[in-house]
Amino acid sequence: MASQGALPRTAAQPASAVVPQSAAGDAPDLRRWLQLGLAALWVLDAVLQYQPVMFTRSFGRMLAESGAGNPAVVAEPIRWAAGIVEHNPTWTNAAFATIQLALGLGIAWRPAIRLALAGSVIWSLAVWWLGEGLGGVLTGTASPLGEAPGAVVLYALLAVLLWPARDRQARGAGGRGAFVAARPFGPHAARALWLVLWGSLAYFAVLPANRGARAMPGMIAEMAEGEPHWLASVNRGAAGLLAGQGLTASIVLAAVLAVIAAGIFLPGRWVRPVLTLAIVVSAAIWIVAQDLGEILAGGSTDVNSAPLLILLALAYWPLRPPRDVPRPGPAGPAAAACSRTGITGGAS
């Protein structure tokens, strides 16, 4: 009797012998690439946290500044935590950097991904409060050109939306119009989170602190200090272009952000331009107003919010239905007979 490997393939395969292409191999899908992108940002944050200046008392004083303007219930724990860091800068900063490095490496390593993503949520929320003062959302000065609603809280949001789904969830999200962020809780909840996030950014854009004639131009101009010449020139050019037009700029920016917020509810073919707009706006803000997270000026602890918003937009990008590929099945006359009669080899 000939070996199984020498048996000829049948021309027709039973219906059960068709599997999605994503199940046919171990190639990373979009969700996995986004998880790796999140991991890379955590590792970069750890590298920035290992900068020598972070091991000095100035890091603790920088943390204390995030409590300014916040209610006492928020500001007091910030000052308490900043005092601990200021008096013990070496070991506290080493611990912070190592935790972030472990989170990044854990997300990149499949066996530890759930633990690392859960740790990302806990760590991000703690730093959002004690390190960023809740992104300034309670101070009345939060701005979409700055870190509002807080860069680190976006790490927590991405960790939740990129949570590894079970096989049944992944198959259910593979239909037309589905997207990666829909897998944990479904498309309705995911779209609601998008609406809240981008809607809040639109609201922050028209706060009194941001709609003054010199508010946005002044904020952009201040970013030039300490930056390379080419980046400082971008800041000064943008500030000059908006000189005296702060109110108009804030209204236009709010309108664009509102379109992005509401556009997530459009059908798949129309939502792509909205997501593209979100990516373009985020990239422009990162360059013009956030100066690449100020990583070129030194002393920055993260890349700011824009890269995370870009990752988030990609997590909402509509997925194409998976193509089916034939699964190797039984060969020979018996397989042909099964194919003609519609009988499959599996249990009913």
- Spacing of the two label points (7 Å from each Cα toward its C-beta) at residue 58 and residue 126, in nm: 2.6 nm
- Rounded if a/c is under 1.5, else prolate if a/b is larger than b/c, else oblate: which is region 59-185, with a ≥ b ≥ c the root eigenvalues of its Cα gyration tensor? oblate
- Message: If a paramagnetic tag sat 7 Å from the Cα of residue 245 along the Cα-Cβ line, which residues of region 271-300 would have the backbone N under 18 Å from that point?
- Response: 281, 284-285, 288-289
- Message: Taking only Cα atoms of region 256-313, what ratio of Rg to Rh do you get with Rh as the Kirkwood inverse-distance radius?
- Response: 1.09
- Using the Karplus equation 6.51 cos²θ - 1.76 cosθ + 1.60 (θ = phi - 60°), what ³J(HN,Hα) coupling, rounded to whole Hz, does each residue of region 115-126 give in order, writing x for Gly and Pro? 4, 5, 5, 5, x, 4, 4, 5, 5, 5, 5, 5
- If you add up the charges near residue 297, with Lys and Arg at +1 and Asp and Glu at -1, over every other residue whose beta carbon is less than 11 angstrom from its beta carbon, what do you get? -4
- Task: Apply 1/(1 + (r/R0)^6) to the Cβ-Cβ distance of residue 185 and residue 236, taking R0 = 45 Å, and write down the FRET efficiency to the nearest 0.05.
- Result: 0.50
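Read-outs: derived from the displayed coordinates by stated rules, not from any lab. On a predicted model such as this, the values are computed, not experimentally measured, just so you know. Don't worry about glycine lacking a Cβ; one is built from the backbone with ideal geometry, like all the others, and counts go over all protein chains shown.
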